[in-house]
């Protein structure tokens, strides 16, 4: 029964990882670059939320109302300036620039906000739970995060398939040059895609900050790699693959933790490496790796 | 590359002493200019002086130099990998940590840590083989971040091994010299590895493989399309960098004498390699050398506040990568037309080539 | 710039002195073309002659190293591709380049991104290609080559261009399909659209165009209405041979200064063709900039 519980907890955790992964996946799908600052940006969002809560005294759980739009705007601006400038130089430059951003962000957080661990205080919600049978306990927060993750993925799916901007994003992802020939300013489309990705990463950062403690290094030591692993396990180009990847990663980690607490992270990474060896295109995707 | 450098492509594939046909007809192609001769001479003198240094200065100075040369080795390796083979890794701390722990392991079994350096280096290279098998199918961002995962896996595995000190770290045994002698030995070993690493890279880039590497640096797809053995060349470079970083890690263990997994496998190592290479000038041998000097000066002036040091470095590296992608050395060599480690070719209008260099370049 | 078209009307699309480099390689040398409104012009030439480069440069995908491009008198040389679409230039690229993961209708809607208005609504495009309406929900990747080419044309039409650039419509398609696609061109021209097409199939080009330009190694070697050009002239301009044969097939056929290794022409001439005399080059006045009869 503890194993069943571990799987269920893993599924819950998977929602959080999928939330982290979908922004990374979207940016990779559209711009063909991996944003190495992804995890640190989530941490920035969590710290901004801390600030918002401190100043406005709104409950932390509502901080997303402010933080997500701020982050989306930040994403658009960053894409149109720094990231576009690096993209013009090539994919390698973009990798190096996002890596540089990651280092700068992490150290700036440490410099200005100290290296101490923080958390977003959501009162009793952090411990409230309900039980199924005698062994399985599900925390409301975990369930909320999973529901939010699924809702975000559904919304993103709907946006991409049904809106004019979503259609342009898919066209640019398919063939940037052909999109230009059809009259699309791909830089603007890149900006929109990045804004959405930043919005989701902000949401993920807030969820993480409510879920557990964080500090300036959490972004690189954990979140970036988890997000990437979820993307690869699930396979590119499919948001449902991302959810599946996040859930598989979460389950692997929770089951690994049952075996030995120190094995939690390792189990997830070994699953990632196994998938990479056996099915490098991921479990749902038929596309080739870029 | 300077305008001169671009001409070398026209003559690519030709032997240095052969006057190029085709687009470069009527010109003479050489590898070296006077600046390189002087650089060679200066290098010999510099190495001799550096080798004599422990007799002249206190061990705190040589200690700094040890750090300097470790950085230089790592940055040169990363530059070879990214600047020439087109492979951006953010996980080469894996080989540094492994090199360090191999030395600890060998010393635990009675080997002198200095004797253990070449063995640990080779062992890191051996680990590089399966790692390459795993990551060789991946490109750009996927390659970069999967290397990071691999470094993390290596660290997590070592944390599980209690005989290696688990997560709390382990002291390196077997260093029985007096502190003064130990400092000198560490210095000499590090200097030797650094000289070997740079000379090795220089030799590699001047070999026939160097041409393939330069082709990949300039245009990977193009190199593939003309039948370049891109895959095998990249594998060789990857393994060389695994060896180099393994050696740097072995030296790190000896200079630290106590290692902790989170420090030995810290991504900061790779961040340093990347920033040094970008700022100094990616895709040149001189770049990492210049970069390490700049980096070291910055470190000595800003390190009182570690986070500021990283913020400044990161911002400078971002700016350089976007607005001056050839780095400091690129600007210098463009302005003055010098190259200390000539791995390309110079193209001279016929008749203008200095006689002395003709004689020199006529040697095989 | 008074380069008059054949009719004397001021040209809608005017390319003047255009040079384009791909790295070290010069793909176009001082190319000048004028296409009057409502006419169909064709570029012919061997593989690698620079035809596609010319269209792509007009569409804004390559930056020229010299020369200018004007649309209805307005200099558009510096505009980005998407701005040129808004100005009224649409390119159907070589190889069709549809968005494979988008449906047929989505491909057309993307074509309408510039929001230019005109007669080419999505419905009008469905009327032009009868089969398309029923299959509008199908993914573009699932269509046959000919169907994809039709959607590619439809996508360009959706931008309601004043000038339509067509690059190698026939590439990789069965002759019957090519004929069917070319059959739609007169309809487009009748609607007042100006068309510049690139075609390797010379007979196809001669059949639809009111004016042909022949490119050889990045230079215009011949231009004029098909009716006034002889097969021998075209052959000579196409392959770059001259009657004053020096035996190697290119020789003085290559303009001075170009490397002798003109790859594409290596198919070689079957026979020496008569030189084109000066008056035969009766195309746009800009042609007079180049000494007639030199580059055959």
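At a glance:
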{"read-out": "Peptide C:97-110, shielding by other chains (average Cβ, 10 Å cutoff)", "value": "5"}
{"read-out": "Pairwise FRET efficiency - residue C:101 versus residue B:44, Cβ, R0 = 51 Å, nearest 0.05", "value": "0.25"}
{"read-out": "Calculated FRET efficiency for the pair residue A:58/residue C:180, C-beta based, R₀ 60 Å, to 0.05", "value": "0.40"}
{"read-out": "Chain A: calculated mean residue ellipticity at 222 nm from DSSP helix runs of at least 4, using -39500 (n - 2.57)", "value": "-24000 deg cm²/dmol"}
{"read-out": "Nitroxide proxy distance, nm - points 7 Å out along Cα→Cβ at residue C:201 and residue B:163", "value": "7.6"}
{"read-out": "Sequence-separation-based contact order of the stretch B:32-343, relative, with Cα cut under 8 Å and 6+ spacing, percent", "value": "32"}
{"read-out": "Proxy reagent accessibility, fewest Cβ within 10 Å first, across B:68, A:112, A:20", "value": "A:112, B:68, A:20"}
{"read-out": "Average partner coverage of A:262-272, which counts Cβ from other chains inside 10 Å", "value": "3"}
{"read-out": "Protection proxy ranking of A:127-138, B:176-187 - average other beta-carbon atoms within 10 Å, highest first", "value": "B:176-187, A:127-138"}
{"read-out": "Packing-based exposure ordering (other Cβ within 10 Å, fewest first) of B:61, A:98", "value": "B:61, A:98"}
{"read-out": "Inter-probe distance in nm under a simple model that places probes 7 Å from Cα toward Cβ, at residue B:203 and residue B:64", "value": "3.3"}
{"read-out": "Helix A:224-234 axis, angle to chain A major axis (alpha carbon atoms, nearest 10°)", "value": "80"}
{"read-out": "Neighbouring partner chain Cβ atoms per residue of B:146-153, average, 10 Å criterion", "value": "5"}
{"read-out": "Whether the stretch A:198-266 is rounded, prolate or oblate, judged on the alpha carbon gyration tensor where a/c under 1.5 counts as rounded", "value": "oblate"}
{"read-out": "Sites residue A:221 and residue A:111 - FRET efficiency at Förster radius 22 Å, r taken between beta-carbons, to 0.05", "value": "0.80"}
{"read-out": "Gyration tensor verdict on the protein assembly as shown (Cα atoms; rounded if a/c is under 1.5, prolate if a/b is larger than b/c, oblate otherwise)", "value": "oblate"}
{"read-out": "Highest-first arrangement of B:276-285, B:128-137, where packing means the average Cβ count within 10 Å", "value": "B:276-285, B:128-137"}
{"read-out": "Alpha-carbon centroids, the stretch A:4-33 and the stretch C:69-93: separation in whole Å", "value": "43"}
{"read-out": "Between the stretch A:51-69 and the stretch A:155-171, the Cα center-to-center distance that results, in Å", "value": "28"}
{"read-out": "Spatial separation of Cα centroids for the stretch A:85-127 and the stretch B:305-333, in angstrom", "value": "19"}
{"read-out": "Inter-site label distance for residue B:196 and residue C:10 at 7 Å from Cα along Cβ, in nm", "value": "7.7"}
{"read-out": "Where only C-alpha atoms are counted, convex hull volume of the stretch C:93-199 per residue in Å³", "value": "89"}
{"read-out": "Residue order, fewest to most beta carbons within 10 Å, for A:159, B:69", "value": "A:159, B:69"}
{"read-out": "If the convex hull is drawn through the Cα atoms of the stretch A:18-216, its volume per residue in Å³", "value": "131"}
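Coordinate-derived values only; no laboratory data. The structure presented is a predicted model; accordingly, all values stated were derived computationally and were not measured. Every residue, glycine among them, receives a Cβ derived from its backbone with ideal geometry; neighbour counts consider all protein chains shown.
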